[in-house]
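None of the figures in this text is laboratory data; all of them are computed from the coordinates on show. Every value quoted in this text rests on a predicted model; they were computed, and no experiment measured them. Positions of Cβ are backbone-derived with ideal geometry, glycine not excepted, and every protein chain shown enters the neighbour counts.
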């Protein structure tokens, strides 16, 4: 079964500092990997995704993530954090096939990002 | 603009009552999903539907029911059999060129009084 671990429940960074959110997945083959962001009381917005090819993926809002097969990781990075980046971030893996077709997404428990001004 | 709408945004229910959460999409997506979100637990899959008039149980289907009579609509009923229904509920859809990328609605917060 696929699984995702986000080891950091809370992270606090200063505005303008760099950011790295950790994500480790468990699956036998190369999975589909996603990062989503959620503002309080809102739905999830896709930041970026990895399906295949270049292991460094660029996303929206200046985020990027690097797929490292040897470490089973897909960490999210941003060179300079803005106060508006404060939110909860979810990593997800989509590899298992659902009955009837399509891939199941399994989400991590999320990392809450706080940005200090 | 295309997207997913969920209503209501906030819903209050007395114990023992059934309640239905609405999810509508105009993205022409085939597949739709319902998730439950609790603090510190991420999202858990309740039900999903790949096609009209067909749906499948997810990981935590007990106490919930769904229907898929129209492509654009996938309502979720939280029944009185659900022991701990207070949560944030998210609907998502997938399809077309963005296959495997799930689009999410804004969510419904259900509180049982």
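Take the Cα of residue B:70, go 7 Å toward its beta carbon, and the backbone nitrogen atoms of the range B:22-51 under 18 Å from that spot belong to B:22-33, B:49-51.
Would you give the gap between the C-alpha center of the range B:33-84 and the C-alpha center of the range A:1-69, rounded to a whole Å? Each part's Cα centre sits 25 Å from the other's.
Take every Cα pair under 8 Å in the range A:3-116 that's 6+ residues apart, average their separations, divide by the length, and report that relative contact order as a whole percent.
Working: 276 pairs, mean separation 41.9, N = 114.
Here the relative contact order equals 37 percent.
Among A:13, A:57, sorting on how many other beta-carbon atoms sit within 10 Å of each Cβ, with the fewest leading, yields A:13, A:57.
Each label point was placed 7 Å from the Cα along the Cα-to-Cβ direction; for residue A:58 and residue A:20 their separation is 2.1 nm.
Panel order for B:57, A:78, by other beta carbons found within 10 Å of each beta carbon, from fewest to most: B:57, A:78. Inter-label distance, residue B:41 to residue A:97: 3.0 nm, where each label sits 7 Å from its Cα along the C-beta direction.
With neighbours defined as other Cβ atoms within 10 Å of a residue's Cβ, the residues A:34, B:12 order from fewest to most as B:12, A:34.
Using the beta-carbon distance between residue A:112 and residue A:51 and R0 = 30 Å, what value does 1/(1 + (r/R0)^6) give for FRET efficiency, to the nearest 0.05? If you can, show how the numbers build up before the last one.
Values: r = 27 Å, r/R0 = 0.91.
Taking R0 as 30 Å, the efficiency between residue A:112 and residue A:51 is 0.65.
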